[in-house]
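K.L.:
Provided herewith is a single structure, encoded as structure tokens, for subsequent inquiry.
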Amino acid sequence: MTTQVFGHKSPDTDSTGSPILWAWYLNEVKGTEAKPVLLGEPNTEAAFMLERWGFEKPEIISDVAEGAPVVIVDTNNPAELPASINGADITAIIDHHKLVGGLETKGPIDITVRPLACTATIMIDLMGDDAAKMPEAVKGAALTCILSDTLEFRSPTTTAHDKAVAEKLAAELGIDIAAYAAEMFAAKSDVSEFSDAELLRMDSKEYEVEGTKFRVSVLETTAPAVVLDRKDSLVESMKTVAAEDGVDQVLLFVIDILNEEATLFVPNDLVKGVAEKSFDASVAGDTVVLPGIMSRKKQIIPNLKV
């Protein structure tokens, strides 16, 4: 039976590219039949990666079959995985997020969770000398994942090891990192075709803080004005998305990659309180700029207070 390799729902670049990396490794090195799949439409940057390196978009699945072998990457959170995940045969987890709990397995499995910025970096480490066998396209996917998750080394999650691995890949591919990252971020910033609801769900994760449920949405962009110009309609859509997704509030952080800051939309007193308590911010209007805030994983989620 073919092993399905997938990341989280609302797949970003790492959750699109890392399944491709690990499926290649399982097929070509370990002799295990595997294929990458997605749990939703990839975002614009991930779609750019697929086209740039000549990959077909992996199949999008909505659930997993009982007993089906799977490898979970870039998450260990059941809320970000198919509803029937605990009925599947989870054979491995490769991740760089905090342990959440709630997953069940059929037996002992390989679990690798490391404090690195990107799942692709971990995978290359796990491959060891076999990583040198990666074809150019797979190396390109790995490089894209690392540059995406580190925001071209600007994110505070970046480690020296992530940077070294990315620079080695870029050298092997003959790619200028700054020029390539600019192409990636331009693709990520093109959100013109997405509805407000799609934008709010595109790169978002659900978290509960002291009994209040949030959908924490992040939009990383080199053109924040494009998103900020849609503020009024996005705020209206927050109410609909919150109701449909069963959360109390959507938090939208627009990450300005180049200026290294976030703008948080402040539609009500709940979010105003979150901004003031979580980030020691002074809120005077319906947005607040948070200098230096770049990472949901390291700077936003750990600090959320209500």
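The values are calculated or read from the model by the stated rules, or taken from the named source; none is laboratory data. Note that the structure is predicted; figures quoted are calculated from it, not measured. Reconstructed Cβ throughout: ideal geometry from the backbone, glycine too, with neighbour counts over all protein chains shown.
K.L.:
Take E206 and decide whether it is of a type in the set (D, E, K, R), touching a residue at least 24 places away in the same chain (Cβ under 8 Å), under 23 Å from D95 (Cα atoms) and crowded, with 21+ Cβ neighbours inside 10 Å.
P.N.:
For E206, the condition - of a type in the set (D, E, K, R), touching a residue at least 24 places away in the same chain (Cβ under 8 Å), under 23 Å from D95 (Cα atoms) and crowded, with 21+ Cβ neighbours inside 10 Å - is not met.
K.L.:
Can you tell me which residue is surrounded by the most Cβ atoms within 10 Å (Cβ to Cβ) among those in the range 209-227 that are among the aliphatic types (A, V, I, L, M) and out of contact with any Leu (no Cβ under 9 Å at 6 or more places or on another chain)?
P.N.:
Here the residue is A223.
K.L.:
Against the condition at pLDDT 95 or above, more than 29 Å from K98 (Cβ to Cβ), acidic (D, E) and touching a helix residue (DSSP H, G or I) at 6+ places or on another chain (Cβ under 9 Å), how does E193 come out, does it pass?
P.N.:
No, not satisfied.
Per-residue answers, yes or no, for (1) in the same structural domain as P291 (by TED's automatic domain parsing); (2) of a type in the set (G, A, S); (3) crowded, with 18+ Cβ neighbours inside 10 Å:
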| position | (1), (2), (3) |
| --- | --- |
| D130 | no, no, no |
| K133 | no, no, no |
| A137 | no, yes, no |
| I146 | no, no, yes |
| D149 | no, no, yes |
| E152 | no, no, yes |
| A160 | no, yes, no |
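K.L.:
Sort through A132, A179, A141 and tell me the only one that's hydrophobic (A, V, I, L, M, F, W, C), under 15 Å from the mean Cα position of the chain (by Cα) and more than 25 Å from I293 (Cβ to Cβ).
P.N.:
Answer to the selection: A141.
K.L.:
Let me ask something additional. Pairs, please: C-beta under 6 Å, at least 6 apart or cross-chain, first residue closer than 23 Å to A68 by Cβ and in the range 97-117, second outside any strand (DSSP E or B) and polar (S, T, N, Q)?
P.N.:
V100/N76; V100/N77; E104/N86
Let's see how each residue does on (1) at pLDDT 95 or above; (2) assigned to a helix (DSSP H, G or I); (3) more than 22 Å from T75 (Cβ to Cβ):
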position	(1), (2), (3)
Y207	no, no, no
V216	yes, no, no
E220	yes, no, no
L234	yes, yes, yes
M238	yes, yes, yes
V241	yes, yes, no
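K.L.:
Six or more apart or on different chains, Cβ under 8 Å: which pairs go from a residue in the range 8-19 that's acidic (D, E) to one that's outside any helix (DSSP H, G or I)? Could you list them?
P.N.:
Hits for this filter: D12/P42; D12/N43; D12/D203; D14/G7; D14/D74; D14/C118.
K.L.:
A further question on this structure: If we keep just the residues of the range 255-306 that are hydroxyl-bearing (S, T, Y) and in a strand (DSSP E or B), which is farthest from E220 (Cα to Cα)?
P.N.:
Looking at residues that are hydroxyl-bearing (S, T, Y) and in a strand (DSSP E or B), I get T287.
K.L.:
Taking the stated definitions as given, is K35 of a type in the set (K, R) and part of a loop (DSSP other than H, G, I, E, B)? Show your work before the answer.
P.N.:
Numbers: of a type in the set (K, R): yes; part of a loop (DSSP other than H, G, I, E, B): no.
No, not satisfied.
K.L.:
For the range 163-182, indicate whether the set of residues that are in contact with a helix residue (DSSP H, G or I) (Cβ under 8 Å, 6 or more places away or on another chain), surrounded by 22 or more Cβ atoms within 10 Å (Cβ to Cβ) and not hydrophobic (A, V, I, L, M, F, W, C) is non-empty.
P.N.:
No; the residues of the range 163-182 include none that is in contact with a helix residue (DSSP H, G or I) (Cβ under 8 Å, 6 or more places away or on another chain), surrounded by 22 or more Cβ atoms within 10 Å (Cβ to Cβ) and not hydrophobic (A, V, I, L, M, F, W, C).
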